[in-house]
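Notes for the one structure printed next.
Readers should treat all values here as calculations from the given coordinates under stated rules, not as data from a laboratory. None of the values given here were measured: they were computed from a predicted structure. For neighbour counting, all protein chains shown are included, and Cβ atoms are generated from backbone atoms with ideal geometry for every residue, glycine included.
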Amino acid sequence: EYNIVRPKGYTVSYHANPEMEKHHFGQTHPMKPWRLTLTKSLVSSYGMPFAMDNYLTRAATYEELKSFHASEYLEYLGTAPAEDMPRDIDNPDKEVKFNLGGSDCPLFHGLYDYCSMSAGGSLDAARKICNKQSDIAIAWGGGLHHAKRSEASGFCYINDIVIAVLQLLRCYPRVLYIDIDVHHGDGVEEAFFSTDRVMTVSFHKYQPDIFFPGTGGLDDNGPKSEHNPGAHHAINVPLNDGITDEQYQYLFESIIGKINEHFRPSVIALQCGADSLAGDRLGRFNLQVQGHGACVEYCKKLGIPMIIFGGGGYTPRNVARAWSFETSIAIDCHTKINPIIPQHAPWRDRFIHDTLFPTLEQILGEPRANRNTAKRLQEIIQHVHDQLRFVNH
Ligand code: ZLM
Ligand code: CA
Ligand code: ZN
């Protein structure tokens with residue numbers, strides 16, 4: 001019906017496990033693993049699986065998780081009993097270990113399985129890239145960029161991205177990590193602070209004290225000690241509320257284009273958090289599915305192997321739209337995709353509007369005020385160019 005065929009000359013793999021999607025963080029918690037089910041069903045109703053290699057994700061092993069995480073932390077993550085009420089509401093005085101059990105990172109039933117499946121998908125994707133069995137590997141269940149070596153943070157328990165990048169570093173000299181989630185990719189940045197083999201770039205809303213996690217200012221480019229090869233290899237693009245597709249695309253292409261010239265990555269790891277879309281429950285930007293997807297298309301056109309991760313995204317219908325459109329970009333059928341959501345798509349009524357590309361007015365009613373000036377965007381680009389003078393590979 002939609003004439004979806006395998007792309008010529010390259011292979012795309014899709015890594016998912018419906019078991020992961022059945023977990024619940026709690027009744028009103030913003031993170032809803034069910035958005036992955038909605039995404040998969042939309043991808044399938046367009047016929048996209050015919051154009052990809054589809055893999056059922058396994059759970060990462062304890063040893064694999066240990067490539068980044070501390071065993072004391074993993075041990076506790078695997079044995080802490082589930083709690084039905086977030087601890088800080090239920091019992092504010094009870095001790096919180098490793099930041100587990102607060103309202104951001106609740107201890108829910110099956111937590112360890114959920115985390116190890118998320119990491120398993122991202123690690124499978126990295127292995128497919130390493131083996132040259134995929135040119136683009138998609139793991140929408142990953143992208144949990146805030147998790148630290150021995151601490152949960154911001155809905156993230158296991159940093160599947162760090163684990164996948166460590167795998168890529170076994171086969172490739174340089175990894176470029178790009179993060180378009182509305183939040184700062186602090187966990188990934190910190191993990192690679194002291195190496196010049198990984199450059200991290202995060203675009204995010206930045207307003208310390210008000211917006212999580214409060215790090216990622218323009219001048220934060222990695223510890224500038226004299227003997228740190230990782231200095232200048234963390235790039236941050238702090239933004240204000242309401243940024244539009246046009247501005248974001250301009251920034252993204254100027255910055256990633258320059259980084260590609262200077263750093264010359266051998267592989268790209270792209271975190272596609274969909275909370276940077278307009279109408280997100282937690283986000284503050286005015287991005288549309290088209291602008292978000294344009295970042296994926298630009299990276300794809302660089303012709304470098306790439307892993308695509310999910311991440312944030314708290315309005316499930318918009319997450320499913322963006323990640324489906326981005327899957328279509330990966331397999332190169334985005335220009336011929338029917339913008340009307342297929343009649344047979346499950347949960348079709350959940351999308352409210354029957355198009356993949358709702359207008360800002362449809363999404364928001366009144367668009368959010370744009371607090372990003374042209375002058376500020378130029379300052380950001382100039383600062384990034386100045387940083388890159390220190391980077392030459
Ligand atoms: N309170 N329930 C993005 C991670 C963002 C820290 C302020 C918790 C929430 C949020 C949780 C049901 C990624 C903070 C917030 C209220 C301390 C954050 C549970 C609503 C709810 O209704 C909620 C009882 C909850 C959490 C809102 N938390 C909004 N923003 C951030 C973390 C993760 O997208 O980047 C990648 C997946 N946390 O602002 C507080 C400081 C906890
Ligand atoms: Ca980001
Ligand atoms: Zn986020």
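Each Cα pair under 8 Å and six or more residues apart adds its separation to the average, and for the range 168-209 the resulting relative contact order is 48 percent.
By the beta carbon rule, with partners counted only under 4.7 Å, the chain holds these lone Cys residues: C105, C115, C156, C272, C295, C299, C333.
Packing around the peptides 247-254, 314-321, taken as the average count of other Cβ atoms within 10 Å per residue, puts them in this order, highest first: 314-321, 247-254.
Provide, for the range 1-80, the number of lysine pairs with alpha carbons under 29 Å apart, each pair being eight or more places apart or on different chains.
Working: K8/K40; K22/K32; K22/K40; K22/K66; K32/K40; K32/K66.
Here the count comes out as 6.
So if R0 is 35 Å, what FRET efficiency would R58 and K97 give, r being the distance between their Cβ atoms, rounded to the nearest 0.05?
Approximately 0.80, to the nearest 0.05.
For the range 112-154 versus the range 1-47, the spacing of their alpha-carbon centroids is 15 Å. Gyration tensor over the Cα atoms of the range 242-362: the corresponding equivalent ellipsoid has semi-axes (square roots of 5 times the eigenvalues, largest first) of 26, 17, 12 Å.
Please report the orientation-averaged projected area of the range 68-176, defined via the convex hull of its C-alpha atoms, in nm².
On the way: hull surface 28.6 nm².
That works out to 7.1 nm².
When all alpha-carbon pairs of the chain are counted, what percent fall beyond 34 Å? That fraction is 23 percent. Note on E261 and D84: their simple-model spin labels are 6.1 nm apart, each label 7 Å out from Cα toward Cβ. Annotation: for a label point projected 7 angstrom from Cα along Cα→Cβ of L364, residues of the range 266-297 with backbone N closer than 11 Å are 277-280, 284-288. If you take the square roots of the eigenvalues of the alpha-carbon gyration tensor of the range 19-116 and sort them as a ≥ b ≥ c, do you get rounded (a/c under 1.5), prolate (a/b over b/c) or oblate? Verdict is oblate for the range 19-116.
I'd like the FRET efficiency for N3 and D219, computed as 1/(1 + (r/R0)^6) with the beta carbon distance as r and R0 of 45 Å, rounded to 0.05.
The computed FRET efficiency comes out at 0.35.
Taking label positions 7 Å along the Cα-Cβ direction at both T373 and I340, the computed distance is 4.6 nm, reported to one decimal. Between N240 and H109, the simple label model (points 7 Å from Cα in the Cβ direction) yields a spacing of 4.7 nm. Need one word for the range 325-393: rounded, prolate or oblate. Basis is the Cα gyration tensor (sqrt eigenvalues a ≥ b ≥ c); a/c below 1.5 gives rounded, then a/b vs b/c decides. Judged from the Cα gyration tensor, the range 325-393 comes out oblate (a/c at least 1.5, b/c at or above a/b). A straight chain from Q382 to E297 at 0.36 nm per residue would run longer than the Cα-Cα distance by 28.2 nm.
Relative protection proxy for 199-211, 111-123, from highest mean packing down: 111-123, 199-211 (other beta-carbon atoms within 10 angstrom).
Here the range 1-58 is described by how far its Cα atoms reach on the three principal axes: 44, 27, 14 Å, from widest to narrowest.
Show me the ranking of peptides 384-390, 137-143 by mean Cβ neighbours inside 10 Å, starting with the highest. Before the final figure, lay out the partial values.
Values: 384-390: 15.7, 137-143: 29.6.
The most tightly packed comes first, giving 137-143, 384-390.
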